[in-house]
Structures are given as C-alpha cells and as structure tokens.
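Here is the structure we will look at.
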Amino acid sequence: MASDYPVVNTHNEWDPLEEIIVGIVEGARIPPWETVTPAVVHHDYLLDFYRQNGGQPWPQELVEAAQKDIAEFVHILEAEGVTVRRPSLYDTAKPFSTPDFESLSSCGALMPRDVLLVIGDQIIEAPMGWRSRHHENHAYKDLCKEYFRQGARWVSAPRPQLSEASYKKDFLPPAEDEPMRTILTEHEPLFDAADVIKCGKDIFVAQSSCCNRAGIDWLQRHLGDAYTVHEVEVFDTHPMHIDATFYPLAPGKLLINPERVKKIPEIFKKSGWDILVCPPPNMPDSHPMYTCSKWLSMNVLMLDEERVIVSKGEDDIIRALKDWGFKPIECSFYHFESIAGGLHCATVDIRRRGELQSYF
Ligand code: DAV
C-alpha cells in the first residue's frame, strides 16, 4: 500500500495501520532463571519450572501450537491490508556474559513490543531489565537498518549494566493488601518498550519490575518538550508492562484493568474520556500460562479506531467492545499466550496513517 507518511510513523494505538512487525516463535527458549524471574512470573508454582528448565527450548508441541496462532494472526493482518514484517532469527542458544552478569541463553524474538519503542519517526531500542533479553534487539537489527536507510531515526537508550545493584536484595512481591513495589532500584534507567503506551503528545508509563523512575525520566528528557510523559499509578503483585493494564484504544476511549489501575490520570477525566472497564478474562484456569496472566484478554491490537483484533475465546471483552462501538476480529491466540504474550505484545506498529496531535 503506497503511503505519503514516513516509513516509520506511529503516534498512538489507533491510527489506520499500514505496517507492523510480528514476532517469531522459531528459536524461542524458556527464559533462563534470573534475579528478576520471581518478581514478574505471576504464579509461584512456576518458579521451579524456570529453575529446572530455563534456557531450554520450549517443548515442541507448545511451539507448534503457538506457531499456528501466529500464522492465523499474520493471515488476518495481511487480509486486512497490513504489511507484516518479521524479525531475523539469531543464535538464542548461545550463552553470553558481560562484565556484570552471565546468561545461559537468550529468549527469542516472540515479543517485539517489549524491545522497540516506536514513537513518531523514531525507533528507540529499550533499556530492558531482564538480563536474558539483553541481546534480543539483535532480532530487529536488519529491519532497523532498513528503516534507517529509508529515513527513520534510530537510537538505543543507554545499554543497562544490570549488575546486582539494579535489583533490590531479598525482594519479595507485594501481597494484595500491601503497597505496590517492584524489584528494581534506581541505579540506572530501565524500561521495556511495553511499559509505555502512546496517546499522541501524551505518553503513559507505569513503573514495573522492568521499568523504574529513572527510565521514565530518561524517556521524558529524550523525547523533549513535544511530549509529556505521565506516570500512571498501578497495583500489580508481579508488574510487567502497561498493555494489559491501561490502554487508550481510540480517541476518548480508555480501557482499564479494574484490578490494577488505582488512579485514572486527571487529564482523562477533565477531557471527558469514556473509561471502559475490562470484564474479567474468560480463559479457563486449566489453560497453561507460563509467563503472563489471563489479563492478556485486554492486550488487543487496533487496526484503526474501530477494527480491533481480539483473542478468540474472550467472549466477554468481545461483547463489551461491540457495545462500546468497536468491530472485533477474533484470532486464535491462547497457545501463543501460553508461552509468550498477547496480540499487542507480539507486534510493534511501524507505520500508521496519522499526525502527532493532542487528544486532551
Ligand atoms: O501478565 O498481565 C502482560 C504483559 C504484556 N506485555 C500480565 C502482563
């Protein structure tokens, strides 16, 4: 599809989508155990699984089921007129070390949303808080170089050192009735790109066990006066990323996770936005979820202000989205969600037809 917009151009979650990167399942490995693991994995019963199996490839049957989901997703995107690009396979099995830490392996290239923060015409490689994901940007180097040659701005946030000084010693996740806390110290700026969500000139970020206040400060200073970076107050026992928590879906429509959002930023109220409260997920408890929570139900992908891709089986949010005026398109995704994340996690939008503006 020919476009007059720069090759990289994305200001929000809903302008008409032209080009997107979708993650790959090939090469994916079970995240190796590391300091951050117990702070982000939602179920304690999984910790032994990670201690014993981290660094190994995911079992073949899980990989094949996830690949089927991704193939259906790519098919839907292409049928809706979107150009789909894929990351490059790199050697995820290779152990690596830095002066500060060693990692048994990398994790793969399942979730571009966490690695690349695309804002306007610029691609920012995120300063990620997981050691095992330190080289995940490798998977996107070919694409970034191509976009750079075509005029995109491309920058990497300061590469974090991730020594023990970046993590609190003896950290325990907060109980439901305790104040929110994360495992990160303020030793150096850290965030995953998925800790950030765009809404034109206003950017929303929540602290998590991959995003600290220094990371938010870095982003504000890097983006400069054209943007306002707002910190959103959330509660999550195992906080990781904002896109199953707080999600401006379209102008005037903010989707929130009722268990996690503690305070809706004033500007939404002042500007009369509708607050859409996400219904509880429908995924059965028996469905295996190795990394994320069932709230991936709200990790949808907007194709424009109306069309939205939603995980098949999530009938309650599908019904609610219709009531709120959207046009849901269902995609089987539970198997990808088992080992990775949702539809938003599995992608990063490169180009949407729209201009930078304020929605408040
Ligand atoms: O388990 O609710 C989802 C993270 C998506 N990027 C969760 C976190």
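Just a few scattered comments:
- For segment 318-340, filtering for residues that are of a type in the set (A, V, I, L, M, F, W, C) and either without any contact (Cβ under 8 Å) to a residue 40 or more places away in the chain or touching a Pro at 6+ places or on another chain (Cβ under 6 Å) (or both) leaves 3.
- Residue check, ALA66 assigned to a helix (DSSP H, G or I) and open to solvent by less than 40 Å² (accessible area, probe 1.4 Å): yes
- Subset of segment 238-251 (residues that are more than 13 Å from the ligand (Cβ to nearest atom) and open to solvent by less than 20 Å² (accessible area, probe 1.4 Å)): PRO248, LEU249, ALA250
- Filtered residues of segment 154-210 (kept if of a type in the set (S, T, N, Q) and part of a strand (DSSP E or B)): SER156, SER208
- Where strands (runs of 3 or more DSSP E) sit wholly within segment 261-350, those with at least 1 residues that are closer than 30 Å to GLN56 by Cα occupy 307-311, 327-331.
- Set SER358, SER286: member being among the hydroxyl-bearing types (Ser, Thr, Tyr), open to solvent by 50 Å² or more (accessible area, probe 1.4 Å) and without any contact (Cβ under 8 Å) to a residue 40 or more places away in the chain: SER286
- Looking across PRO6, PRO31, one residue alone is closer than 21 Å to MET240 by Cα, part of a loop (DSSP other than H, G, I, E, B) and not charged (D, E, K, R). It is PRO31.
- Here GLU26 meets the list (1) part of a helix (DSSP H, G or I); (2) open to solvent by 40 Å² or more (accessible area, probe 1.4 Å); (3) touching a residue at least 60 places away in the same chain (Cβ under 8 Å) almost entirely, failing just condition (1).
- All of VAL300, VAL277 fail the test of being among the β-branched types (Val, Ile, Thr), closer than 16 Å to PHE336 by Cα and touching a residue at least 12 places away in the same chain (Cβ under 8 Å), apart from VAL300.
- Within the span defined as segment 341-350, one or more residues are touching a residue at least 24 places away in the same chain (Cβ under 8 Å) and away from the ligand (no atom under 14 Å from the Cβ).
- Residues satisfying the stated conditions in segment 185-198, i.e. more than 16 Å from the ligand (Cβ to nearest atom) and either crowded, with 23+ Cβ neighbours inside 10 Å or among the hydroxyl-bearing types (Ser, Thr, Tyr) (or both): THR185
- Subset of segment 288-306 that is among the hydrophobic types (A, V, I, L, M, F, W, C) and more than 15 Å from the chain's Cα centre (by Cα) - its residue that is nearest to the ligand (Cβ to nearest atom): MET289
- Out of PRO179, PRO112, sole residue that is under 28 Å from ARG260 (Cα atoms), touching a Phe, Trp or Tyr at 6+ places or on another chain (Cβ under 9 Å) and more than 16 Å from the ligand (Cβ to nearest atom): PRO179
- Condition check for GLY341: surrounded by 22 or more Cβ atoms within 10 Å (Cβ to Cβ) and closer than 30 Å to LYS145 by Cβ: yes
The values are calculated or read from the model by the stated rules, or taken from the named source; none is laboratory data. A quick note: this is a predicted structure, and the numbers were derived from the prediction, not measured. Ideal geometry is used to build each Cβ from the backbone, glycine not excepted, and the neighbour counts take in all protein chains shown. To get the accessible areas, we keep the full protein, side chains included, count just its heavy atoms, and leave off ligands, DNA and RNA. Shrake-Rupley method; radii C 1.70, N 1.55, O 1.52, S 1.80 Å.
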